[in-house]
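Asker: Here you go, one structure.
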Amino acid sequence: MEKFFVPLARDPSLQLSCSFIPNSPSSSSPQTSLIIFLNGIGVPHTLWYPVAQLLKKDNEKCPPMLMYDRIGQPASRGRNQDVPGSGRPRGHGRDCLDAAHDLHELIAHTAAKHLGIASARVDTLRVILVASSVSCAIARLYAAEYPSTVSACLLLDSTLANSDTVSVFPDPEAPGFDAGNLLAGVTVEMLKDARRKIARVYGSEAENPEGLWRGTLPGLLPCADGPKLPGMPWVTVLEHDPAVFPAQVKQMVGLPQIMTRTYFDPAWHAYHEGLAHITHPELSKGPMVAKGCGHLMQRDNPQLVADEVSELLRKLSGDKQARL
């Protein structure tokens, strides 16, 4: 494994912390593919190491792998800037589309320095994106910005990109709200409390330590099921185990489990059902429940994640158009 920093052209003082695992020494064919792991907010790229190690162990011809921390994440250098007058919190000057542009710059650097592919030909590289949480939205935006460069996506418990997330809980102050329709055990005060608590952590306009602004996501990706990804890559969608997640949310933000089961989980599942339609039906798998896993599947079951990546590699190996 090689570790290095990549300065960004927009500001060389901003440097992405990266880990790169080359392909197997026994492979003599020219390298045309790259697996890239994308983190959720505040999650270090080192959490992908066990998945990468399992992939190397289980796949003799595994493509090279790249993982990195975005600006504002633990090991990278520099901070996101402000956008005066925007209404954003301080230090939230970059959004998910900006993160997709940074990713393309990182891929161009890696292709030139480690794969022998000149910058002018970087879009000939076939990319396999393994994304978690908010980075599932970044993966979709990347595929749209750089058409037909993505051969496959493994999307792990995507953020609800088309929602402010707070709205999955009914608003007791909205016109027409009827408390008489609430499920037994749910009260108006519980709804108000849930909306406040979710807004602080999961809300699209919530401040986060990384400084990645999510407020533009509902406008950038207003539909779970579209637009279709250019080039129609293979897409696999995994979602957290509803038997595990309510307790996780209760521990994280203090939300009663009945509120996650009644409102949060059904909305999240519906989003994942839509997400499985962003490619051709024959190239789609899921959504599937990752048994025993909470939100971070790469931590809870790295073997499962590695197995799903391996399956995508097998599919790509038989797909001449993907050129794996």
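The values are calculated or read from the model by the stated rules, or taken from the named source; none is laboratory data. Remember, predicted model here, so these are calculated numbers, not experimental data. So basically every Cβ, Gly included, is an ideal-geometry build from the backbone, and we count neighbours across all protein chains shown.
Asker: Which ones in segment 1-60 are among the small types (Gly, Ala, Ser), assigned to a strand (DSSP E or B) and at pLDDT 95 or above?
Answerer: Passing the criteria: SER17, SER19.
Asker: Okay, next question. Return a yes/no flag: does segment 283-297 have any residue that is buried (at least 20 other Cβ atoms within 10 Å of the Cβ), out of contact with any His (no Cβ under 9 Å at 6 or more places or on another chain) and more than 24 Å from ALA144 (Cα to Cα).
Answerer: No; the residues of segment 283-297 include none that is buried (at least 20 other Cβ atoms within 10 Å of the Cβ), out of contact with any His (no Cβ under 9 Å at 6 or more places or on another chain) and more than 24 Å from ALA144 (Cα to Cα).
Asker: Here's something else I'd like to know. When segment 1-20 is examined, which residues are found to be in contact with a Phe, Trp or Tyr (Cβ under 9 Å, 6 or more places away or on another chain) and not hydroxyl-bearing (Ser, Thr, Tyr)?
Answerer: MET1, GLU2, LYS3, PHE4, VAL6, GLN15, LEU16, CYS18, PHE20
Asker: Checking TYR142 against (1) part of a helix (DSSP H, G or I); (2) hydroxyl-bearing (Ser, Thr, Tyr); (3) surrounded by fewer than 19 Cβ atoms within 10 Å (Cβ to Cβ), which test does it fail?
Answerer: (3)
Asker: Test VAL122 against the stated conditions and say whether it is in a loop (DSSP other than H, G, I, E, B) and β-branched (Val, Ile, Thr).
Answerer: no
Asker: Checking the structure you have, find out if any residue of segment 192-204 is closer than 22 Å to ALA143 by Cβ and assigned to a loop (DSSP other than H, G, I, E, B).
Answerer: Yes, because at least one residue in segment 192-204 is closer than 22 Å to ALA143 by Cβ and assigned to a loop (DSSP other than H, G, I, E, B).
Asker: Related question: Among the residues of segment 208-225, what is the count of those that are exposed (fewer than 15 other Cβ atoms within 10 Å of the Cβ), modelled with pLDDT of 95 or more and either outside any helix (DSSP H, G or I) or aliphatic (A, V, I, L, M) (or both)?
Answerer: Qualifying residue count for the region: 3.
Asker: Collect the residues in segment 158-189 that are under 26 Å from GLY219 (Cβ atoms) and part of a helix (DSSP H, G or I), keeping them in residue-number order.
Answerer: VAL166, SER167, VAL168
Asker: Continuing with this model, one more query. Mind checking whether some residue in segment 64-73 is under 24 Å from the mean Cα position of the chain (by Cα), among the basic types (Lys, Arg) and either part of a loop (DSSP other than H, G, I, E, B) or modelled with pLDDT of 95 or more (or both)?
Answerer: yes
Asker: Out of segment 49-63, which residues are crowded, with 20+ Cβ neighbours inside 10 Å, within 30 Å of PRO12 (Cα to Cα) and within 17 Å of the chain's Cα centre (by Cα)?
Answerer: Correct list: ALA52 only.
Asker: Against the condition surrounded by fewer than 19 Cβ atoms within 10 Å (Cβ to Cβ), more than 26 Å from ARG314 (Cα to Cα) and among the β-branched types (Val, Ile, Thr), how does VAL83 come out, does it pass?
Answerer: For VAL83, the condition - surrounded by fewer than 19 Cβ atoms within 10 Å (Cβ to Cβ), more than 26 Å from ARG314 (Cα to Cα) and among the β-branched types (Val, Ile, Thr) - is met.
Okay, residues lined up against (1) at negative phi; (2) part of a loop (DSSP other than H, G, I, E, B); (3) polar (S, T, N, Q); (4) over 16 Å from the mean Cα position of the chain (by Cα):
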residue: ALA267; (1), (2), (3), (4): yes, no, no, yes
residue: ALA270; (1), (2), (3), (4): yes, no, no, yes
residue: GLY274; (1), (2), (3), (4): yes, no, no, no
residue: HIS277; (1), (2), (3), (4): yes, yes, no, yes
residue: GLY294; (1), (2), (3), (4): yes, yes, no, no
residue: ARG299; (1), (2), (3), (4): yes, no, no, no
residue: VAL309; (1), (2), (3), (4): yes, no, no, no
residue: LEU312; (1), (2), (3), (4): yes, no, no, yes
residue: LEU316; (1), (2), (3), (4): yes, no, no, yes
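Asker: Pull out all pairs, ordered by first then second residue, where Cβ-Cβ is under 7 Å, the residues are six or more apart or on different chains, the first lies in segment 126-146 and is farther than 18 Å from SER204 by Cβ and in contact (Cβ under 8 Å) with a residue 40 or more places away in the chain, and the second is outside any loop (DSSP other than H, G, I, E, B) and of a type in the set (Asp, Glu).
Answerer: Final answer for the pair search is TYR146/ASP123.
Asker: Additional query: Only one of GLY40, GLY78 is of a type in the set (Gly, Ala, Ser), surrounded by 18 or more Cβ atoms within 10 Å (Cβ to Cβ) and either touching a residue at least 24 places away in the same chain (Cβ under 8 Å) or touching a helix residue (DSSP H, G or I) at 6+ places or on another chain (Cβ under 8 Å) (or both). Can you tell me which?
Answerer: That would be GLY40, the only listed residue that is of a type in the set (Gly, Ala, Ser), surrounded by 18 or more Cβ atoms within 10 Å (Cβ to Cβ) and either touching a residue at least 24 places away in the same chain (Cβ under 8 Å) or touching a helix residue (DSSP H, G or I) at 6+ places or on another chain (Cβ under 8 Å) (or both).
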